[in-house]
């Protein structure tokens, strides 16, 4: 199964595509801060279209949105809008969407749900032999967790 994982944000959105245990591609969508939120969300849609055309995913995995209580409410609202763009894109293309809690993603990749951002980056570096930025590494972890969950749910218990 080809899975695209996302670490969603409105300025930098990490993405990673896995097929089985092979990392096909990963990176960070940089959404221009000088643009309005509408402009960034539109840019996100176009980047998703390019990503979908290149990798043809079968499942979209997103980190469950979470905003620290110290952040302003508008931060949560903007994050929700970016999540909505990714969900709309997935549904537009008939793709199922699954949400992965950040602790589940960390545990699937590193063995610890409390791994630091640096720990996740190191795990990505060791497993896939790439130097990943934070958002990119988080997206790899999300896709990896979705792969693990999908493999487990797909097993015949007979």
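The values are calculated or read from the model by the stated rules, or taken from the named source; none is laboratory data. From a predicted model like this one, the values you see are computed outputs, not experimental measurements. Positions of Cβ are backbone-derived with ideal geometry, glycine not excepted, and every protein chain shown enters the neighbour counts.
Here are a few things to note about the model shown:
- Members of the stretch 56-80 found to be buried (at least 16 other Cβ atoms within 10 Å of the Cβ) and at pLDDT 95 or above, listed by number: 57, 59, 60, 61, 62, 63
- Every residue from the stretch 72-94 that is assigned to a loop (DSSP other than H, G, I, E, B) and free of Cβ contacts under 8 Å to residues at least 40 places away in the same chain: 72, 94
- Residue in the stretch 54-68 that is more than 21 Å from residue 27 (Cα to Cα) and part of a helix (DSSP H, G or I) present: no
- Within the stretch 5-24, being assigned to a strand (DSSP E or B) and within 17 Å of residue 102 (Cβ to Cβ) holds for 5, 6, 7, 12, 13, 14, 15, 16.
- Qualifying residue in the stretch 137-145 (condition: at pLDDT 95 or above and not in a helix (DSSP H, G or I)): no
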